[in-house]
Amino acid sequence: MSIIDLFLTLERAGPGDAESLRWALDVAQTPADARVLDAGCGIGADTGTLIAAVPRGRVVALDAAEPFVDVVAGKYPRAEAVVGDMRAPPAGPYDLIWSAGAVYNLGVGAALAAWRAHLAPGGRVAFSDLRWTGTERPQAVVDYFASEGVTLSDTAALDGEIAQAGWRVIGARWVGRAGWAAYYEPLEAQLANERDNALVEAFKSEINCWKLHGDSFDYRLVVVEPQ
Ligand SMILES: C[S@@+](CC[C@H](N)C(=O)[O-])C[C@H]1O[C@@H](n2cnc3c(N)ncnc32)[C@H](O)[C@@H]1O
């Protein structure tokens, strides 16, 4: 089974939940008629919550993976599901650009630079990005993420990247354990049905790393606006 096929069996492709998304919508003061971009929507983990939040608005769900976008189109006819690169979103402008667990593909500065011109006046961007939660740096976590080509940094570094890009933070929190469970519990159940292979082993190691050391890292959820 490929990683795409594996995620097609799930509801989420990364940590997050409706509670933390609703927090971000509240902080961003997203109105009921807002135009919203779900950038890196995956299999539509948050698309339904976004649609419900803007009953008189518009939701564009964008992802580079066509099979994911096909799922979103089937599941959420009210969304405009688009295959494409989130560096160059379909025409907006948007009152909210939401991006759960996908900004790391571009880097925070590059994503914010790409999205600035696509925001409506007064618009906001809300995204989650993986960071250390405190000063604890378990070697097993450092090694695990290094093997994935990821070097974790802390929230001060994230704040610096946002400020450097010319944006201001208007709210920040952690996604928290419920959001990780919402991702990992169905994933773990699905892995139990799969024959062992490198992909299955890699996800099992990732989940194990979180079970052992998950207090030391989390997705930082930030709501930002251009300065
Ligand atoms: C970790 S998943 C998160 C998906 C979804 N937001 C969720 O929380 O379940 C990251 C997603 O970003 C998408 N992605 C990566 N780079 C992209 C790009 N440049 N443009 C659009 N989508 C991209 C991937 O295909 C994947 O679906």
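The Cα-based radius of gyration of the stretch 46-148, divided by its Kirkwood radius, gives an Rg/Rh of 1.04. Among the helices of the chain (complete DSSP H runs), which have Cα atoms covering no less than 15 Å along the helix axis and a Kyte-Doolittle mean of at least -0.5? Helix filter hits for the chain: 177-192, 198-213.
Charges were assigned to the Cβ only: +1 to each Lys and Arg, -1 to each Asp and Glu. The resulting dipole of the chain about its Cα centre is roughly 660 debye. Where does the charge balance sit around V175 when Lys and Arg score +1, Asp and Glu -1, over other residues with C-beta under 12 Å from its C-beta? Within the 12 Å Cβ shell, the charges total 0. Report the residue, chosen from E11, E80, E185, that carries the largest GNM mean-square fluctuation when the chain is represented by alpha-carbon nodes joined by springs under 10 Å. Looking only at E11, E80, E185, the largest GNM fluctuation is found for E185. When the chain is treated as a Gaussian network with alpha carbon springs shorter than 10 Å, the biggest mean-square fluctuation among D196, D85, D159 belongs to D196. Checking every one of the trypsin sites (Lys or Arg not before Pro) in the stretch 176-225 against DSSP loop status and a limit of 14 other Cβ atoms within 10 Å picks out R195. Positive-end ranking of I162, A178, H213 along the dipole of the chain, with charges on Cβ about the Cα centre, is headed by I162. Counting charges near H118 (Lys, Arg +1; Asp, Glu -1) among other residues having Cβ under 14 Å from its Cβ returns a value of +1.
Working from Cα pairs under 8 Å separated by at least six residues, relative contact order for the chain is 24 percent. Residues of the stretch 166-204 with the amide nitrogen closer than 11 Å to a label point 7 Å from the Cα of D5, along Cα-to-Cβ, please. The answer is 195, whose backbone nitrogens lie closer than 11 Å to the label point.
An ellipsoid equivalent to the chain, defined through the eigenvalues of its Cα gyration tensor, has semi-axes of 27, 22, 15 Å when rounded to whole angstrom and sorted largest first.
When the helices of the chain are scored as -39500 (n - 2.57) per DSSP H run of n ≥ 4 and the total is divided over every residue, the value at 222 nm lands at -12000 deg cm²/dmol.
FYI, it's all coordinate maths here, none of it is from the lab. Predicted model only: the values in this text are computed from it and were never measured. Heads up, the Cβs are rebuilt from the backbone with ideal geometry, glycines too, and the neighbour counts pull from every protein chain shown.
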